[in-house]
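No lab work stands behind these numbers, since they all come straight from the coordinates. What you are looking at is a predicted structure, and each value in this text was computed from that prediction instead of being measured. When we count neighbours, we look across all protein chains shown, and the Cβ atoms used for this are built from the backbone with ideal geometry, even at glycine.
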Amino acid sequence: MAKALVFFLRLCFQLLALPIYVLSLLGIWGPFCKKVFFPAFLEKFTVSYNRKTLRQKQELFGNLLAFAGLSGELRLLEIGTGTGSNFQFFPGNCKVICTDPNPHFQRSLAKSIAQNQHLRFDNFLVTPAEDLHQVADSSVDVVVSTLVLCSVRSVKGALSEVYRVLKPGGAFYFLEHVAADRSSWEYFWQQVYFPTWKLLFDGCCLTREIWTDLDKANFSDVKLQRIYVPLHWTPIQPHIIGYAVK
Ligand SMILES: C[S@@+](CC[C@H](N)C(=O)[O-])C[C@H]1O[C@@H](n2cnc3c(N)ncnc32)[C@H](O)[C@@H]1O
């Protein structure tokens, strides 16, 4: 019964978004989304998201330097950097490698770089997290991911690359929206919105239980907390936050 209702409501939302499905079939929506819509949306969204997660991000990134090398410098790689919304939370003495498969964030990324002169930027790699082959094994102290694992094609593949590039004792920092409790109404609505949301927001999947992938990713210690980010009227309020040590 519940499955049939999900199916029916999904269809209703798909009908409402029909023009976008048609544009997608014509091959127009995909490139437009990546080049124009999503970068513009993300620039606005991250301002409000950072306001709502300010305390959590400050706390999370507050101990980054504990993972710095002997020289005191922290070699940090960020997957899915997007507009660079996390730069303000990274400490000085930090050398940042940015990576993202979408190269169309230049305008807002350049602005974030200019506003964060306390950081040294090493490189910008246009590549998905599942393929960090330009980065050597065991070469970075910390990898950061915020709101990225919902969009990667393979969470397992991305985490395996994260693990490979981290030095032994290095840490993977994450803040990710995840599936709600399976018995909740919120999960019901996440399933309803799933296909249309994914199409609108550049591949973002609403029902990933990312904590299970983290558990299976070989990290020696995973510090993980579940939090609710008050993004009212959206299906992306349940989050996990923490870090996993290699
Ligand atoms: C919601 S945005 C988050 C951006 C940024 N991390 C933040 O918190 O503001 C999702 C980002 O993941 C990127 N992304 C999508 N697929 C990816 C993949 N396979 N590997 C790495 N990043 C990916 C997108 O291009 C986008 O920049």
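Observations on the structure shown:
- The residues of segment 30-89 that are surrounded by fewer than 15 Cβ atoms within 10 Å (Cβ to Cβ) and touching a His at 6+ places or on another chain (Cβ under 9 Å), listed by number, are Lys35, Val36.
- Evaluation of Gln191 against the conditions (1) away from the ligand (no atom under 14 Å from the Cβ); (2) closer than 22 Å to Val144 by Cβ; (3) not small (Gly, Ala, Ser) shows that the sole unmet condition is (2).
- Flag for Thr234 being out of contact with any Ser or Thr (no Cβ under 7 Å at 6 or more places or on another chain) and without any contact (Cβ under 8 Å) to a residue 60 or more places away in the chain: yes
- Inside segment 197-213, residues that are more than 22 Å from Pro19 (Cα to Cα), out of contact with any helix residue (DSSP H, G or I) (no Cβ under 7 Å at 6 or more places or on another chain) and in a helix (DSSP H, G or I) make up a count of 2.
- Condition met for Phe194 (among the hydrophobic types (A, V, I, L, M, F, W, C), assigned to a helix (DSSP H, G or I) and at negative phi): yes
- Odd one out for Val143 among (1) free of Cβ contacts under 8 Å to residues at least 60 places away in the same chain; (2) among the hydrophobic types (A, V, I, L, M, F, W, C); (3) within 13 Å of the ligand (Cβ to nearest atom); (4) in contact with a Phe, Trp or Tyr (Cβ under 9 Å, 6 or more places away or on another chain): (1)
- Applying a threshold of 7 Å to beta carbon distances and a minimum spacing of six or more residues, or different chains, the list of pairs starting in segment 8-30 at a residue that is part of a loop (DSSP other than H, G, I, E, B) and ending at one that is among the polar types (S, T, N, Q) reads Ala17/Thr196.
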